[in-house]
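Down below is the structure, laid out as structure tokens.
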Amino acid sequence: MFYKETHPNDEIILNTLSELVPKDHLLRKIDKSIDFNFIYEITSPYYSHTNGRNSLD
């Protein structure tokens, strides 16, 4: 007799950070209030466009 095994851990569930963080969460309020673009300038020396260490947003 044959049967198909099912493994619940075989499922892949994809979520984005936007889906995981509630709309009224403190981190969302901070993100709206503070411009974090200065970090790109500070960290740019640590990333290279020639050896595969590009920055990711």
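What to note about this one:
- Phi-derived couplings, Karplus 6.51 cos²θ - 1.76 cosθ + 1.60 at θ = phi - 60°, listed residue by residue for the stretch 44-49: 4, x, 8, 10, 10, 8 Hz, with x used for Gly and Pro.
- MRE, 222 nm, helices only [DSSP H, n ≥ 4, -39500 (n - 2.57), over the chain, to nearest 500]: -7000 deg cm²/dmol
- Selection from TYR40, LEU14, THR50, by position along the positive dipole direction of the chain (Cβ): TYR40
- Debye-sum result for the chain in log10 I(q)/I(0), which assumes one identical scatterer on each alpha carbon, at q = 0.18, 0.26 Å⁻¹: -0.89, -1.05
- Label sites at ILE12 and ASP35, each approximated as a point 7 angstrom past Cα along Cα to Cβ, lie 3.9 nm apart.
- Evaluating 6.51 cos²θ - 1.76 cosθ + 1.60 at θ = phi - 60° for every residue in the stretch 18-31, the Karplus couplings come out as 4, 6, 8, 9, x, 4, 9, 6, 4, 4, 5, 5, 5, 4 Hz, glycine and proline recorded as x.
- Cβ-placed point charges (K, R +1; D, E -1), dipole of the chain about Cα centre in debye, nearest 20: 120
Values quoted throughout were computed directly from the atomic coordinates according to the rules given, and no laboratory measurement underlies them. Quantities reported herein were computed from a predicted structural model and do not represent experimental measurements. Don't worry about glycine lacking a Cβ; one is built from the backbone with ideal geometry, like all the others, and counts go over all protein chains shown.
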